[in-house]
Amino acid sequence: MPIYAPTLPPRENLQNGSHPVAVMMRFDVGRILRAKLGMFFGFVFLFLLILQVAVLYFRYLANTSIAFSGVKDFAAQVMTQGAEYQAGHIGQMVLIPLWFQVALIGGGLVARDTLHRIRPLMYAHPVRPQDYLLAKGGLAALLPFAIQLPFILVPWALSLMVAGKNGPIWVSLPVHLLPAALIIAALAGAVTLGASAMAGSPRAGFGWVLGIVLGSFALGGMLAGLLKAKAFLALSPLALATAWPQLLCGMNDPFLDWGPTVVGTAAHIALWVFVAAQRTKPSEAVL
Amino acid sequence: MIKLNRASLRYGQILGLSPTTFELPAGGGITGLLGPNGAGKSSLIQLLSGLLPSSSGEVEVLGGEPYRNSSILARIGLVPEGDRFPTGLKGVGWLRMMGELSGLQGAALEAAIQKALGIVGMEVNGLKPFTRMSKGMRQRMRLAQALLHDPELLILDEPFNGLDPEARLQLMDMLRKLADGGVKIIVSSHILGEIAQLTDRILLLFRGRLLAEGSVAEIRELLDRHPVELRLAAEDARAVARWAVEQGELVGLRLEEGSAVVAVRNPRSFLPRLQAAVVDGTLPLRALDPLDLNLDAVFQYLTKDHA
């Protein structure tokens, strides 16, 4: 006969803790910190930031110091000026290592759960697939945004401090570059999320992200060259990320024009979020 | 408490579970989900634990449809098959995350972790990284994870896989205690002996179909066309065989050393007569051993019928 026992008394409602999105994001941040992935890239980004600050200070001195008057014209010729200089704060020099770091960390966000078959267990808790997607995608986007912030705010604040409104950096720079950083972060987050969702392991996820970023850049470049149409570069997330700061700073000859950039970015975000949603739906997370 | 009404599950063109109907009453107790690999056990578990919606029919668990139903999911504990741990993590860290996903927080979460670790006997070893835990320890941690939020329904998918005999017995003991405490437990296994040791109530699945439901004896009674084999041990086995033949109900008889094995179509009428004969001394019986009233035999009969 079955073993019957008294029915359990009604239990108190447990739904008073953190939202599952916050729980999963916190858990992944802890894992990233434990993995110490930030040490190497932290050094790289710090070096780049110091370089930017040094250039900024040189520009300031070239404009204000008599001792530097001899190199002023030369500096004006070899260094970027105007909108190009402003947009360059999150230019390719920053964006290329940024994509590498995002690939390394973001590539494993979903793939690690696939490898260890954790997703079904999460869905067996009060976690909806959209919570899962939001947590992973949110972190994948938050990371590149956080990395870009110092490259915008530190030079801007230093320029204001040393030279006020007449400094080498526009007072309105954050207004131009913060939206660009947000769009780049969303693009990078979506690409890494989709790539990671397609991969079966973190290494494969890293490979997928790099494959998408570099492969599409090569393809876009090839098509642009063959068909003499720059718009094909919009196939590449790297090209799109390069174009946004230039467009928002009003550069005369940006990497890509507004139309292809907007369409390309929207298409990439929609495509990779769709891929991730398909690959992380409960029917894909069977026991 | 659990009600399936012609619920089925399809994976595209593949039918994981044919339309299935059964009902498990409220209250604690252990139900064994039995069937060979590919029988549909995991499909049924995915329906019950709310991981997938039914392709047709209705699934009701703890008073509601479990799929994407947070209030129901918060009352279910799932122990999936195999390890589900991120690398480089300590047992307690993982429990903390799973507890938070269930809505626990702060002191309540820490208390729940300590309680769950206490139930599974992992108070000390739970602090280790998973890489330094034995298979048995990891299985206990999986169980602790499912117990964190005091579930009313605990579902375990092949929990005994890979465990040594001692760890198996310990896990069975834990499950019995939980069932005695009022938790409804569903355990899946393809090993008949494991389920037979743990519970008498089974759901028997084969090729995506629910073949039978009930206790082993109840299910055995359904198998009228399969005779029951009884070993009658006696000093004079021939005399016992002669007596059995005289009863006129035999469909089979063979003599073994020190015993006669008889196959009886209707044990309900044969057994009382056997008992009476032993009591009045006409039958010198030393032992009576039903050979196919165990789960293995029931399973063999049922699956043979449906193969």
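What to note about this one:
- For B:SER102: the one exception among (1) at pLDDT 90 or above; (2) crowded, with 23+ Cβ neighbours inside 10 Å: (1)
- Of all the listed residues (B:GLY50, B:GLY82, B:GLY57, B:GLY32), the sole one being crowded, with 23+ Cβ neighbours inside 10 Å and on the phi > 0 side of the Ramachandran plot is B:GLY50.
- Of all residues making up the range B:97-115, the number that are more than 12 Å from chain A (Cβ to nearest Cβ) and touching a Leu at 6+ places or on another chain (Cβ under 7 Å): 1
- Residue within the range B:52-59 that is more than 8 Å from every other protein chain (Cβ to nearest Cβ), closer than 19 Å to B:LYS184 by Cα and touching a residue at least 60 places away in the same chain (Cβ under 8 Å) present: no
- Of the listed requirements (1) within 12 Å of another protein chain (Cβ to nearest Cβ); (2) farther than 23 Å from A:LEU121 by Cβ, B:ARG209 misses just one: (1).
- Hey, B:GLY27 under 21 Å from the mean Cα position of the chain (by Cα), on the phi > 0 side of the Ramachandran plot and buried (at least 24 other Cβ atoms within 10 Å of the Cβ) or not: no
- Selection status of B:ILE72, aliphatic (A, V, I, L, M), away from chain A (no Cβ under 14 Å) and either closer than 27 Å to B:HIS190 by Cα or within 27 Å of the chain's Cα centre (by Cα) (or both): no
- Any helices (runs of 4 or more DSSP H) falling wholly within the range A:46-163 and containing at least 1 residues that are more than 14 Å from chain B (Cβ to nearest Cβ) and either touching a His at 6+ places or on another chain (Cβ under 7 Å) or acidic (Asp, Glu) (or both): A:69-78, A:82-87, A:129-163
- Where a residue in the range B:30-47 is away from chain A (no Cβ under 13 Å) and its partner, wherever it lies, is of a type in the set (Lys, Arg), with Cβ under 7 Å and at least six apart: B:GLY35/B:LYS41; B:ALA39/B:ARG207
- The residue that is farthest from A:LEU238 (Cα to Cα), counting only those in the range A:85-140 that are of a type in the set (S, T, N, Q) and crowded, with 20+ Cβ neighbours inside 10 Å, is A:THR114.
Conditions (1) away from chain A (no Cβ under 13 Å); (2) more than 12 Å from B:LEU95 (Cα to Cα); (3) among the polar types (S, T, N, Q), marked per residue:
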site: B:ARG132; (1), (2), (3): yes, yes, no
site: B:GLY136; (1), (2), (3): yes, yes, no
site: B:GLN145; (1), (2), (3): no, no, yes
site: B:HIS149; (1), (2), (3): no, no, no
site: B:LEU153; (1), (2), (3): no, yes, no
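Residue by residue, here is whether (1) within 19 Å of B:GLU81 (Cα to Cα); (2) at pLDDT below 90 holds:
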position	(1), (2)
B:TYR11	no, yes
B:PHE22	no, yes
B:ILE30	yes, no
B:LEU33	yes, no
B:LEU47	yes, no
B:GLU60	no, no
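- The range B:179-188 - residue that is surrounded by 22 or more Cβ atoms within 10 Å (Cβ to Cβ) and outside any loop (DSSP other than H, G, I, E, B) and, of those, nearest to the other protein chains (Cβ to nearest Cβ): B:ALA179
One line per residue, one yes/no per condition, for (1) aliphatic (A, V, I, L, M); (2) out of contact with any Ser or Thr (no Cβ under 9 Å at 6 or more places or on another chain); (3) on the phi > 0 side of the Ramachandran plot:
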residue: A:PHE151; (1), (2), (3): no, yes, no
residue: A:LEU173; (1), (2), (3): yes, no, no
residue: A:ALA199; (1), (2), (3): yes, no, no
residue: A:PRO202; (1), (2), (3): no, no, no
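- Looking only at the range B:125-151, residues that are surrounded by fewer than 24 Cβ atoms within 10 Å (Cβ to Cβ) and not in a helix (DSSP H, G or I) come to 6 in all.
- Of the residues making up the range B:156-167, none is in a strand (DSSP E or B) and more than 13 Å from every other protein chain (Cβ to nearest Cβ).
- Candidates A:ALA224, A:ALA218, A:ALA276: the one that is without any contact (Cβ under 8 Å) to a residue 24 or more places away in the chain and in contact with a Lys or Arg (Cβ under 8 Å, 6 or more places away or on another chain) is A:ALA224.
The values are calculated or read from the model by the stated rules, or taken from the named source; none is laboratory data. Quantities reported herein were computed from a predicted structural model and do not represent experimental measurements. Positions of Cβ are generated from backbone atoms using ideal geometry, with glycine treated the same way; all protein chains shown enter the neighbour counts.
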